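Contents: one structure, followed by commentary.
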Amino acid sequence: MAGRGRTLLKAAGSGAAAGLVGVAAMTAGEKVEQLFTSRPNSYVPARTLLSLLGQKPDDDARPPVWNHAMHWGTGAVLGALRGVWAVTGIRGPVANTTHTVVRLATDQTLENATGVGAPPTSWPAGETVVDVWHKAVYSWVTGIVCDAWIAPVLESRRGTVSH
């Protein structure tokens, strides 16, 4: 593999590890929040993954292993993306905020495409705030770790104007 490809692949791997750090932070935050709100665990991630794999889980299905697989797997995959951003110079608070939107959009796209979830516009406002907050924690922690671990060695100055 050529130098640029190898650097991108290494950044993606480091980003995936950073994404796992972000998931750990998000999970810890969720557990603290649940102590105060008594909100139960969500098993929508598990049902989404099972649906993507061709199964038809009931709305009351609560398979914890599948839940963890989706929770941590999505965090690693989107962490890899953030790692590629970091190595190419897409970094800092703007990147972290944009990554939060990517995380939310990924979850919502998969949940709604499989028919497992409902659009956030149909949720109670409090649940939307909680979901956005937790995904922001994930993306900001992932981004901070990526930016610390990955130097922007592939940052380009080409194309800084639109023409």
Checklist entry - Does the range 21-43 contain at least one residue that is more than 20 Å from Ser139 (Cβ to Cβ), surrounded by fewer than 20 Cβ atoms within 10 Å (Cβ to Cβ) and either in contact with a helix residue (DSSP H, G or I) (Cβ under 7 Å, 6 or more places away or on another chain) or in contact (Cβ under 8 Å) with a residue 40 or more places away in the chain (or both)? => result yes
Checklist entry - Among the residues of the range 129-148, is any surrounded by fewer than 15 Cβ atoms within 10 Å (Cβ to Cβ), over 16 Å from the mean Cα position of the chain (by Cα) and either of a type outside the set (S, T, N, Q) or modelled with pLDDT under 95 (or both)? => result yes
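Test of understanding: among Thr160, Thr121, Thr97, which residue is modelled with pLDDT under 95 and under 30 Å from Phe36 (Cβ atoms)? Write out each step before concluding.
Values: Thr160 fails: under 30 Å from Phe36 (Cβ atoms); Thr97 fails: modelled with pLDDT under 95.
That would be Thr121, the only listed residue that is modelled with pLDDT under 95 and under 30 Å from Phe36 (Cβ atoms).
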Checklist entry - Restricting the first residue to the range 123-146 and requiring it to be without any contact (Cβ under 8 Å) to a residue 24 or more places away in the chain, which pairs with a second residue that is not hydroxyl-bearing (Ser, Thr, Tyr) meet a Cβ separation below 7 Å and a spacing of at least six or different chains? => result Thr128/Pro120
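Could you tell me whether the range 58-68 includes any residue that is over 22 Å from Glu127 (Cβ atoms) and surrounded by fewer than 13 Cβ atoms within 10 Å (Cβ to Cβ)? So that I can check it myself, show each step before the final result.
Here is the first cut: in the range 58-68, the ones over 22 Å from Glu127 (Cβ atoms) are 65.
Restricting the remaining residues to those that are surrounded by fewer than 13 Cβ atoms within 10 Å (Cβ to Cβ) gives 65.
Checking the range 58-68: at least one residue is over 22 Å from Glu127 (Cβ atoms) and surrounded by fewer than 13 Cβ atoms within 10 Å (Cβ to Cβ).
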Checklist entry - Right, Asp147: charged (D, E, K, R) and in a helix (DSSP H, G or I) or not? => result yes
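Quickly run through the range 46-55 and pick out the residues that are free of Cβ contacts under 8 Å to residues at least 60 places away in the same chain and assigned to a helix (DSSP H, G or I). Break it down stepwise before answering.
Taking the range 46-55 first, the residues free of Cβ contacts under 8 Å to residues at least 60 places away in the same chain are 46, 49-50, 53-55.
Result: Ala46, Leu49, Leu50.
How many of the residues making up the range 97-122 are touching a residue at least 24 places away in the same chain (Cβ under 8 Å), surrounded by 15 or more Cβ atoms within 10 Å (Cβ to Cβ), part of a helix (DSSP H, G or I) and among the polar types (S, T, N, Q)?
2
The values are calculated or read from the model by the stated rules, or taken from the named source; none is laboratory data. Note that this is a predicted model, so its numbers are computed, not measured. When we count neighbours, we look across all protein chains shown, and the Cβ atoms used for this are built from the backbone with ideal geometry, even at glycine.
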